[in-house]
Every structure is written in C-alpha cells, then in structure tokens.
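Below is one structure, written out as structure tokens; the observations come after it.
Each value in this text was obtained by applying a stated rule to the coordinates, not by laboratory testing. What you are looking at is a predicted structure, and each value in this text was computed from that prediction instead of being measured. Here the Cβ positions follow ideal geometry from the backbone for every residue, glycine too, while neighbour counts run over all protein chains shown.
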Amino acid sequence: MLSQEDNELLCRVGPGTPMGTLLRRFWTPAMLSDELPGPDCDPVRVRLLGEDLIAFRDTNGNVGLIDNYCPHRRASLFFGRNEECGLRCVYHGWKFDVNGDCVDMPSEPAESNFKDKVHITAYPVLDKGGIIWTYMGPKELTPEMPGFEWTDLPDSHWVVTKLLYESNFVQAVEGEIDTVHLGFLHSNLDVDEKAKTATSWVGKYAYTPRWSNFHVKTTDYGIQIGAQKPVEEDSYYWRIAQWLTPYYTMIPRMPGTAVRVGMWVPMDDEHTWIMLVAYHTDRPPEPEENATQEVLMLQKTVDRKTWLPEARMENDFFIDRELQKTTSFSGIPRGFGRSQDAAMVESMGPITDRTHEHLGTTDRGIIGMRNHLLRAVKDLQEGIEPYAANNGRVYQVRSAAALLPRSVAFEDDPATRKELFVEPK
Ligand code: FES
Ligand SMILES: [Fe+2]
C-alpha cells in the first residue's frame, strides 16, 4: 500500500514533476531505429514523458528529435517537409536542423537576421542497439549511456520490438518483476499433472509449487529479485530477475538462453512504450527460442501506426470463457500481443490506486522497486543525483535461473554468477 501522495510522486512524469525530473536525468529509449529507415524519410510523432516531439532523419542520416510545435505559430512539424538537412514547416516555410537551429526563414525579408534568434527544442540522440536514445535533461548533467551488454553486440545478435500499454509505467514494470504470476496467469490447468513427467526445470518447477520465497537485494543499478522455491528435498529452484533504474527489467531465464531486456518508458502518465530486446552474446537468436518467438510475434501483431497489439482492452483481450473452463488458467489466448500480462496491468485503470492494495510476501520485489524509485526522487529533490545515471557500467548484468543445493546461495554459485554478471572487457 502507498499513500496517495507517494502514488502521485511515483507515477506522474510530465515536465516539472519530481518523477519526471528524475527520469530526465537518464538517457531515454525513445523509439526503434528502424522507425526512421533512411535519410529524408517520413517524420514520426514521438510522445515521451508527456512531451510531443517529432523525430526525423536528415539527408546525412543524422537523427533529430525536436518539439512538435513550430516556434512561429505552433503548427505541427509532423506535416513538415524533410529535405536538404532539415525539417521545414509547411505553414510558412521555417526550417530547422537536427540541432534545433532555424536554418531558413523564407517568410521574412532576405536581410532579416530573425532566424538566428529562433530555436526549437531539440534533444540529443544516440542510435545504438536498435534503439534511438535521447536525453531530455539539463545539458550540463548529460549522463552516461546505460552499459547494456546488447548495445555493443553485432546487430545480428539481437532482436527488438515495440508496443504500447494503455497504463502508467510503474504498474507495467510491476507486472514484469512480479515473477510469481507465471504459475497462475500464464499457466494451463494441467501443469501440475504435466510436472510429474516433465524433464525441463520450467516444466517441473515453474508452476509447482506456485509460491516462492522472495529475496530482494538493493544494488547500484536497482534491485535483484531472487524467487526461491523448495522443489526437491535437498534443492531450491531459483528464478532471478533484475530491475534496473529507472524502468528496465530482465526476467528470469534458463542458463544459455537469450537474455531479455524490457524497457518500460512513459509516453505520458497513462501510457507506456514497451521495447523488448532478446539477445545472445555469441550468436544470433534462433526464431524458435521462447524470447525470440515473442519478439517476432509482436513484430507481426502490433499495428505500426498505433503500436497497439491485436488483443487489447477494447476487445477484452479475446478472453475465451470456454478455454478458461477447460484449458488455460486465464482463458486469455496468447499469440496476439502481450495479452495475458497487458489484460491484468491495464485492467487496474490507467494509474492504479495503491491506497487500496494488500501486498503479500511475493510482492517484496515490487515494494523494493517502489522504495528505490521513491528514494531516488526524494534524494534528487535534496540535490543528490542518481548514481546509476552517471555510472553506465552498473547495467552490465543479466537475469538467471538455477537449481542449487539448499546449502548454496545463488550468489555463491560460480555458474550462476557467470550468467548474472557481464565479464569486464
Ligand atoms: S507555423 Fe511554422 S512556419 Fe509558420
Ligand atoms: Fe507475465
């Protein structure tokens, strides 16, 4: 449970809000690189942290991310002409380059120097790892890029996709680090029966028992969440997730399987961009792997104009009551988006009222994440800058899963450590 005041602090992201100010201390994943496929391509609307922006790639291939509103009389630059290294407003022809400088003002006399006095907000961008990142904070505080492993790998080693959730980013993140819901929301009615003969860890242990003991550790980057299950007499099954400041997640994964990074970026208070990456360090992901399959399915089922998947609230995520009675715990079919997860997260309303919730022991990760974010917001209000923003190397971690003797903590197991930490180069 949170007070209404803390809930507001946690969720509001617009310019000038405490959380909005914190988020603007970090590089922000703004869009997919392939939304701007080449020089002078069509401009794209990008709403980010409650701000309406326009992205374009100029004649030299450089990306600009500028205010939606032309500084002349505020027409949208979405309609602009992307030509000769700048975006030209079609109302009176004012033209802006990727740095936000007005480079042409044909509606004023040739001798006028008015154009030299006019600028449009332009945020710096970096194109890395299939994502266009931007920095929306004070120039003198430009942070380090988060040192995510995949952003330095060859393009062939990762796949990436994007979609929209119609909810605030905090409850979307909470849905991803709440690893205990796997045994309910994502399960079938026969999982207990199947577990008896299953050979994989997931088949055997992911659903039975459903309860886990959550171990949460605060780190330099955020929190590490270890869900511990007593599965055999002498062993625990561990599923280890990461939450990285301010909205990145890594869900548990079996040794050797693709690492999946989730980016849950506020479009505004009530909508969240989700960018998902699956990668291997040493090879391209295969299409039939679980993590890759999800990305490929989303690439197919998400409308690239609205970024909404086929299954969404307006069609009740295609819930099938017969399926719910006979086969699947939720009755919400997979394969049309992140339907089961999105249904739960969006059904709470755009900003969930945390004054009415009742958190249990399996919500320790969620409590840890909220505390970390609220602490960072309050620290910044007192002038303490967020550590992770200026120490990109702290993002060099991964998620994991392990079956270990009860006497061994997962942090002490060399094989699990190898999965969890990127080796310094
Ligand atoms: S409104 Fe853009 S040039 Fe006039
Ligand atoms: Fe889920």
message: Please rank 139, 95, fewest neighbouring Cβ atoms within 10 Å first, as an exposure proxy.
response: 139, 95
- prompt: For a paramagnetic label modelled at 7 Å from the Cα of residue 101 toward its Cβ, which residues of segment 32-75 fall within the zone defined by backbone nitrogen distances under 13 Å?
  reply: none
message: If R₀ is 41 angstrom, what is the calculated FRET efficiency for the pair residue 391 and residue 34, using the beta carbon separation as r and rounding to 0.05?
response: 0.85
- prompt: To the nearest 20 debye, what is the magnitude of the charge dipole of segment 313-425 about its Cα centre, counting +1 on the Cβ of each Lys and Arg and -1 on the Cβ of each Asp and Glu?
  reply: 340 debye
field: Derived scalar couplings ³J(HN,Hα) [segment 190-199; Karplus, 6.51 cos²θ - 1.76 cosθ + 1.60; whole Hz; x for Gly, Pro]
entry: 9, 5, 5, 5, 5, 4, 5, 10, 5, 10
query: Tell me, what are the semi-axes, in whole angstrom and largest first, of the equivalent ellipsoid of segment 149-420 as set by the roots of 5 times the Cα gyration tensor eigenvalues?
result: 26, 25, 21
task: Before anything else, pin down the relative contact order of segment 149-420: Cα pairs under 8 Å, at least 6 apart, normalised by residue count, whole percent.
output: 27 percent
- prompt: Separation between the residue 315 and residue 118 pseudo-spin-labels, each 7 Å from Cα along Cα→Cβ, expressed in nm?
  reply: 4.5 nm
task: Could you give the size of the charge dipole of segment 27-141 about its Cα centre, using +1 on the Cβ of each K and R and -1 on the Cβ of each D and E, expressed in debye and rounded to the nearest 20?
output: 300 debye
- line: In the chain, taking the dipole from +1 charges on Lys and Arg beta carbons and -1 charges on Asp and Glu beta carbons about the Cα centre, the listed residue (28, 89, 160) farthest towards the positive end is 160
- request: Between 80, 203, 64, find the one with the highest GNM mean-square fluctuation for the chain; connect C-alpha pairs within less than 10 Å.
  value: 203
query: For residue 142, what charge total do you get from the other residues with a beta carbon under 13 Å from its beta carbon, if Lys and Arg give +1 and Asp and Glu give -1?
result: 0
- prompt: So if we plug the beta-carbon distance of residue 3 and residue 156 into 1/(1 + (r/R0)^6) with R0 = 41 Å, what FRET efficiency do we get, rounded to 0.05?
  reply: 0.25
query: When a footprinting reagent is the concern and you count Cβ atoms within 10 Å, what order do 387, 236 take, fewest first?
result: 387, 236
message: If you filter segment 299-390 for trypsin sites (Lys or Arg not before Pro), then keep DSSP loop positions with at most 13 other Cβ within 10 Å, what is left?
response: 304, 305
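Please give the calculated 222 nm ellipticity per residue for the chain, where each DSSP H segment of at least 4 residues contributes -39500 (n - 2.57) and the sum is spread over every residue; nearest 500 deg cm²/dmol?
For the chain, the value works out to -5500 deg cm²/dmol.
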- request: Using label points projected 7 Å from each Cα along Cα→Cβ, tell me how many nm separate residue 289 and residue 74, to one decimal.
  value: 4.9 nm
statement: Per the C-alpha gyration tensor (a ≥ b ≥ c, the square roots of its eigenvalues), segment 231-329 is rounded if a/c is under 1.5, else prolate if a/b beats b/c, else oblate; here it's oblate
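Order these by the 10 Å Cβ neighbour count, fewest first: 182, 359.
359, 182
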Dipole-positive endmost among 336, 280, 324 within segment 258-347 (Cβ charges, Cα centre): 280
message: Only four residue types carry charge here, +1 at the Cβ of Lys and Arg and -1 at the Cβ of Asp and Glu. Report the dipole size of the chain about the Cα centre in Debye, rounded to the nearest 20.
response: 400 debye
- line: Along the dipole axis of the chain (charges at Cβ: +1 for Lys and Arg, -1 for Asp and Glu; origin at the Cα centre), the most positive-end residue among 198, 13, 371 is 198
